[in-house]
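Remarks on the structure that follows.
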Amino acid sequence: MATRTGEAAALQVGPAGELRHRLEAQRAAFMRETPDYRRRIDALNALRDGLRAREEELTRAVSADYGGRSREETLLLELFPLYDAIRHAKRHLKGWMAPRPVGSTWYLLPSRAYVVHQPLGVVGVIGAWNYQLLLTLGPLVDALAAGNHVMLKPSEITPRSADLIAEIIADRFAADYVTAVTGGPEVASAFSSLPFDHLIFTGSTRVAFHVMRATSEHLTPVTLELGGKSPAIIHRDFPLATAARRIMAGKLYNAGQTCVAPDYVLLPEGLADEFERLARDAVAELYPKLVDNPDYTRIVSHPHYQRLAAAAREAAEGGARVVAINPAGEACTADNKVFPPTLVFDPPSEAAVMCEEIFGPILPVVTYRALDDAVAYVNARPNPLALYYFDTSAARIDEVVRRTTSGGVLVNDVVVHLGQSNLPFGGVGPSGIGYYHGIHGFQRFSHKKAVMIQSRWTATSLFHPPYTARGRRLIAHLLRLVAG
């Protein structure tokens with residue numbers, strides 16, 4: 001597809017006016033020529049090819065942003081799902097774009113009706129630092145498939161990957177089609193204040209409040225992908241070794257800096273010591289070393305490290321048993337940004353590890369007596385983004401799904417449900433507004449336009465005034481039909 005590389009140069013934006021100019025240019029281009037099927041496919045291919053061409057640079061940039069993150073983790077957790085999302089969209093796009101006939105209401109027969117998915121216009125995307133590639137470019141895939149023009153704002157917390165995203169976008173797209181802007185919080189604030197046709201934000205609940213205030217000025221529709229405290233409930237009948245290994249593996253992806261990482265475990269009473277032993281075994285198998293191990297991700301910044309250390313310290317001072325798992329006995333410090341996997345048994349309910357999203361390799365473990373108690377514990381807290389339940393009983397699984405509210409549920413594993421392209425991904429209440437992925441993302445970034453085609457002959461002409469005795473009898477008959 002044609003590009004205008006110079007015109008789309010990576011943008012370090014200061015004044016809000018420059019951002020507004022970019023938005024207006026995109027809106028004008030969209031109105032001139034709304035992307036059709038062919039252009040959407042070309043755009044998805046351009047994004048895929050741009051990522052493939054600079055794959056190694058991307059993994060190095062992400063690693064540099066953290067001060068250490070494995071190439072394989074970036075390939076597996078960010079680029080692989082991006083490529084799969086592109087592949088999935090291309091495979092299904094023609095069907096998604098087709099008009100969807102709906103049945104006509106009986107008293108409007110013989111009219112016909114259908115729904116057309118129409119692009120919204122210009123979509124804004126504010127990405128998140130913890131999975132910069134996936135959480136900035138994943139929404140882009142869905143927005144492009146839906147036929148929109150897009151403006152991206154990667155997170156400044158991981159600046160090397162943000163800059164590289166901007167370069168790739170500039171290389172592959174005209175600025176009035178897709179553009180990426182970089183900069184600090186002042187740029188993000190100005191970006192969220194633009195009158196987009198839709199804005200998707202991924203990040204913290206604290207920042208989401210500011211985004212909602214900014215978008216309300218223009219009544220901009222929003223999708224907020226937040227997080228919260230995702231619980232993992234283990235039933236006594238489930239093999240504890242399997243649950244412990246899967247939970248620790250998912251928790252330690254990206255050193256726990258994952259929005260859907262299990263944030264605490266609800267464990268049957270009497271199993272705490274066994275869970276600790278099994279968790280230690282799992283960590284030793286997954287990460288025999290921590291500091292001298294490129295597979296174990298560093299904490300993204302010193303302030304984040306200090307926050308985690310303070311949270312663990314507070315829990316210990318409050319009476320919790322805090323267990324750091326360090327298989328090789330290495331020095332894990334704020335200087336090397338290696339935070340060891342840490343279990344916190346029975347923390348105080350008011351402790352930070354139980355009130356705030358942890359976003360690190362700290363895992364509180366709370367014991368419960370009966371399953372009803374575990375469900376009540378979850379329901380007494382804000383709705384999580386994900387809920388994980390380990391059990392072999394179909395009846396109990398159905399009960400937990402029915403009685404709890406969360407963005408999604410994964411049974412007998414953690415985290416990997418994000419790879420289900422046919423499932424919507426998003427939160428509920430405090431964990432987010434709206435959802436995307438696959439057809440759900442296509443629909444999220446589309447307007448469902450209702451279309452009805454009236455026939456040459458229609459019974460509705462009988463409803464026109466003047467209302468004669470015959471017309472009044474007809475209205476009374478219709479009311480009896482529908483009201484009983």
So is ALA255 surrounded by 24 or more Cβ atoms within 10 Å (Cβ to Cβ), modelled with pLDDT of 95 or more and assigned to a helix (DSSP H, G or I) or not?
yes
Check region 215-229 and report whether any residue there is touching a residue at least 12 places away in the same chain (Cβ under 8 Å) and assigned to a helix (DSSP H, G or I).
yes
Could you list, ordered by first residue, the pairs with Cβ atoms under 9 Å in which the first is in region 428-449 and free of Cβ contacts under 8 Å to residues at least 60 places away in the same chain and part of a strand (DSSP E or B) and the second is of a type outside the set (Phe, Trp, Tyr) and crowded, with 21+ Cβ neighbours inside 10 Å, at least 6 apart or interchain?
none
Residue match in region 307-320 (condition: surrounded by fewer than 17 Cβ atoms within 10 Å (Cβ to Cβ), within 18 Å of ILE362 (Cβ to Cβ), in contact with a Pro (Cβ under 7 Å, 6 or more places away or on another chain) and at pLDDT 95 or above):
yes
For helices (runs of 4 or more DSSP H) lying entirely in region 105-207, having 1 or more residues that are of a type in the set (Lys, Arg) and more than 26 Å from GLY429 (Cβ to Cβ) picks out 159-172
Spans of helices (runs of 4 or more DSSP H) in region 27-74 with at least 2 residues of a type in the set (Gly, Ala, Ser) and out of contact with any Pro (no Cβ under 7 Å at 6 or more places or on another chain):
37-53, 55-66
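Listed here are the residues, each with its yes/no results for (1) at pLDDT 95 or above; (2) in contact with a Lys or Arg (Cβ under 6 Å, 6 or more places away or on another chain); (3) surrounded by 10 or more Cβ atoms within 10 Å (Cβ to Cβ).
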{"position": "ILE397", "(1), (2), (3)": "yes, no, yes"}
{"position": "HIS417", "(1), (2), (3)": "yes, no, yes"}
{"position": "TYR436", "(1), (2), (3)": "yes, yes, yes"}
{"position": "GLN443", "(1), (2), (3)": "yes, no, yes"}
{"position": "LYS449", "(1), (2), (3)": "yes, no, yes"}
{"position": "PRO465", "(1), (2), (3)": "no, no, no"}
{"position": "ARG470", "(1), (2), (3)": "no, no, no"}
Among the residues listed as LEU194, LEU224, LEU219, the single one being at positive phi and either outside the structural domain of VAL415 (by TED's automatic domain parsing) or not hydroxyl-bearing (Ser, Thr, Tyr) (or both):
LEU219
For region 188-213, what are the residues that are within 24 Å of SER446 (Cα to Cα) and of a type outside the set (A, V, I, L, M)?
PHE191, SER192, SER193, PRO195, PHE196, ASP197, HIS198, PHE201, THR202, GLY203, ARG213
Sort out which residues of region 21-38 are of a type in the set (Lys, Arg) and over 14 Å from MET151 (Cα atoms), and write them in order of number.
ARG32, ARG38
Of these, ARG236, ARG206, ARG213, ARG172, which one is basic (Lys, Arg) and buried (at least 22 other Cβ atoms within 10 Å of the Cβ)?
ARG172
Answer with yes or no whether THR297 is under 19 Å from ALA328 (Cβ atoms) and either of a type outside the set (A, V, I, L, M, F, W, C) or assigned to a strand (DSSP E or B) (or both).
yes
Pairing a residue in region 451-469 that is within 23 Å of VAL102 (Cα to Cα) and among the aromatic types (Phe, Trp, Tyr) with any residue that is surrounded by 12 or more Cβ atoms within 10 Å (Cβ to Cβ) and at pLDDT below 85, where Cβ atoms lie under 8 Å and the two sit 6 or more apart in sequence or on different chains, gives none
Just to check your reading of the model, which residue among PHE173, PHE191 is at pLDDT 95 or above, over 21 Å from the mean Cα position of the chain (by Cα) and among the aromatic types (Phe, Trp, Tyr)?
PHE173
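The values are calculated or read from the model by the stated rules, or taken from the named source; none is laboratory data. Fair warning: this is a prediction, and the values are worked out from it, not measured in the lab. Every residue, glycine among them, receives a Cβ derived from its backbone with ideal geometry; neighbour counts consider all protein chains shown.
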